Amino acid sequence: MEPNPKQTGETMKYTINQITQGEDELILNYKELNEEVEQVLAFMGRENRRILGWKEDEQVVIAPNELLYMESVEGKTFAYTAKEVYRLNYTLQQLDLLLQGECFFRCSKSMIMNINKVAGLKSLSSNRIDATMENEEHIMISRTYASDFRKRLRGE
């Protein structure tokens, strides 16, 4: 087993070049897929992530940072922004994978919320949490997910 670069004092080497012609390009060379490499990969893919949705008969591209939450209702998935509701052709499980590394949290069996769009929190009986979103909608975080949510807020 090879030593972890962090344990041996090795750090990742960074090379940055400004170019005057051609396309911007990021190249990542690595020997072993470790936590630092995974973080760089997640960062590199973050800006390109988009969610495809439908508004009536028109397909639209939604940036994840616009989403307040996504919900599954009667087998159909919907995405909610501050002003719009979109129909998605993803399952919540697919969205969990697609948005991995972003600030999204599975708050119930049928809903994923954007933690960055939470305006307020209130603890309720039965270990549930009432999250008030930026648009003043209330989302209930079920007791099954509440302890994980508290840990995530603490950075654990």
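Computed from Cα positions, the angle between helix 35-46 and the longest principal axis of the chain comes to roughly 60 degrees. With the cut-off at 1.5 for a/c, could you classify the chain from its C-alpha gyration tensor as rounded, prolate or oblate? Judged from the Cα gyration tensor, the chain comes out oblate (a/c at least 1.5, b/c at or above a/b). If R0 is taken as 41 Å, the Cβ-Cβ distance between SER110 and LYS13 corresponds to a FRET efficiency of 0.35. Extension gain for the segment ARG143 to VAL61, taken as residue separation times 0.36 nm less the Cα-Cα distance, is 26.2 nm to one decimal. May I ask you to give the solvent-accessible area per residue for the chain, in square angstrom, as obtained with a 1.4 angstrom probe? About 74 Å² of surface per residue is accessible. Kindly provide log₁₀ I(q)/I(0) values, in the same order as q = 0.17, 0.19, 0.24, 0.29 Å⁻¹, from the Debye equation applied to equal alpha-carbon scatterers of the range 76-136. Here the Debye-derived log intensity ratios amount to -0.65, -0.81, -1.16, -1.34. The listed peptides 108-114, 149-155, 126-132, ordered by packing as a protection proxy, come out as 108-114, 126-132, 149-155 (highest mean of other Cβ atoms within 10 Å first). Here the sum of -39500 (n - 2.57) over DSSP H runs of 4 or more residues, divided by the residues of the chain, equals -6000 deg cm²/dmol at 222 nm, to the nearest 500. In the chain, Cα pairs under 8 Å separated by at least six residues give a relative contact order of 13 percent.
The values are calculated or read from the model by the stated rules, or taken from the named source; none is laboratory data. Being a predicted model, the structure only gives us computed values, none of them experimental. Cβ atoms come from the backbone with ideal geometry, glycine included; neighbour counts cover every protein chain shown. Ligands, DNA and RNA are excluded from the accessible area calculation, which covers all protein heavy atoms including side chains. Shrake-Rupley method; radii C 1.70, N 1.55, O 1.52, S 1.80 Å.
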